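The values are calculated or read from the model by the stated rules, or taken from the named source; none is laboratory data. Note that the structure is a prediction, hence the values are computed from the model and not measured. We place every Cβ from the backbone using ideal geometry, glycine too, and count neighbours over all the protein chains shown.
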Amino acid sequence: MKWLIFLIILGVSEVAVIGQLHSILGLYALIGLYIVTTAIGGVFLYMQYPEFKRSMNASKKIGKKFKKQFAGEEYSLSAEQLEKLRPFFFVVRYGVAFALIVIPGVVSDIVGVVMVLPVVISYFINRSIDKAIAKAEAQP
């Protein structure tokens, strides 16, 4: 539900910003701005690509291990297992940032670039894991 609200707000703000920028800059400057913001986002994604590749390989290995361990059973992950999911959370965040940067628009590019900044990534990954651990510990 939070993601749906986020996408609606992002879409509405994108339309509002595009309308204002079009009236201020004109069509050709706006297209140029799209290209520049997408290129900047691409540079940030490229800089994080080695970490993405490493995290993707680690996620696959962890996923196979968990799949074998819990095949056919209903289960919940322990706090230690949740800590091992950091690479998975990085891969998901990178994928969302990639999608936002590829989508044409200035606001989505800015949000995508912010999502791949190392400080922001570590904050949100730590927050996500802490929430999942608290939820796992609260279950009987």
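Miscellaneous remarks
- Close contacts from the stretch 1-28, counting a first residue that is closer than 12 Å to GLY105 by Cβ and free of Cβ contacts under 8 Å to residues at least 40 places away in the same chain and a second that is assigned to a helix (DSSP H, G or I) and not hydrophobic (A, V, I, L, M, F, W, C), with Cβ to Cβ under 9 Å and a gap of 6+ residues or different chains, come to GLY11/SER108.
- Residue selected from the stretch 63-103 under the condition at pLDDT below 75, aliphatic (A, V, I, L, M) and assigned to a helix (DSSP H, G or I), by the criterion surrounded by the most Cβ atoms within 10 Å (Cβ to Cβ): LEU82
- Some residue of the stretch 36-43 being free of Cβ contacts under 8 Å to residues at least 12 places away in the same chain and more than 16 Å from MET115 (Cα to Cα): yes
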